[in-house]
Amino acid sequence: MSSNFQIHHIAISVKDAQRSEDFYSFFGFNKVHRWEAEDKSLQIVHLKNNEGVILELFCYTAPQDAPAHTASTKTDLPVIGVKHFGLRVESIEEAKKAIEKQGITIVTEITKGRTGPLYFFIKDPDGILVEIMQDDRKL
């Protein structure tokens, strides 16, 4: 059996679906689907980019805050589990300028990673770490 597995979606839990939808639209994600529980306790929103990747937003009426260790890569990376997702750009410098112009919180400077790419981290409205990276390795 031969299968061609591809990333379909990344799921994140957020406090305010509309606020997150607005935030991620800057990065090319647009709403393609929305579902709401009959009792209004949960909304699920699918945002899709031009590469076909879907961000699946879970928005509960009674969300729980993430553990404190998730606030920084230094304290979160050693803990087993999913850590962040990365968005690739052609120019890290241009991306940083555009993000700063939007008033988005940048939490690290541009750094050359141990594996080669240039990157920096931002936080979304709920403090979720998103890596912005320029990867010219042609992997």
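The values are calculated or read from the model by the stated rules, or taken from the named source; none is laboratory data. Keep in mind it's a predicted model, so treat the numbers as computed, not measured. Note that each Cβ is placed from the backbone with ideal geometry, even for glycine, and that neighbours are counted across all protein chains shown. For accessibility, only protein heavy atoms count, side chains too; no ligands or nucleic acids. Shrake-Rupley method; radii C 1.70, N 1.55, O 1.52, S 1.80 Å.
Quick notes on this structure:
- Radius of gyration and Dmax over the Cα atoms of segment 34-78, both given in Å: 14.6, 40
- Were the residues from N4 through F26 laid out at 0.36 nm apart, the gain over their Cα-Cα distance would be 4.9 nm.
- The residue among A71, V130, S91 whose Cα reaches farthest toward the positive pole of the charge dipole of the chain, with charges on the beta-carbon of Lys, Arg, Asp and Glu, is S91.
- Percent carbon-and-sulfur accessible area, the chain, ignoring ligands, DNA and RNA, probe 1.4 Å: 51 percent
- Between helix 92-101 and the chain: long-axis angle, C-alpha atoms, 0 to 90°, nearest 10: 50 degrees
- Label point distance in nm, F58-I110, each placed 7 Å from Cα along Cα→Cβ: 3.6 nm
- Taking label positions 7 Å along the Cα-Cβ direction at both E94 and S13, the computed distance is 3.8 nm, reported to one decimal.
- Entry comment: accessible area of segment 94-139 is 62 Å² per residue, from protein heavy atoms only and a probe of 1.4 Å.
- When S3, S20 are compared by accessible surface with a 1.4 Å probe, the order from highest to lowest is S3, S20.
- Whole-angstrom gap from segment 50-86 to segment 118-139, using each part's C-alpha centre: 13 Å
- Simple point charges give the picture: +1 on the Cβ of Lys and Arg, -1 on the Cβ of Asp and Glu, and for segment 34-139 a dipole about the Cα centre of about 380 debye.
- Selection of chymotrypsin sites (Phe, Trp or Tyr not before Pro), segment 9-75, meeting DSSP coil and at most 15 other Cβ within 10 Å: F26
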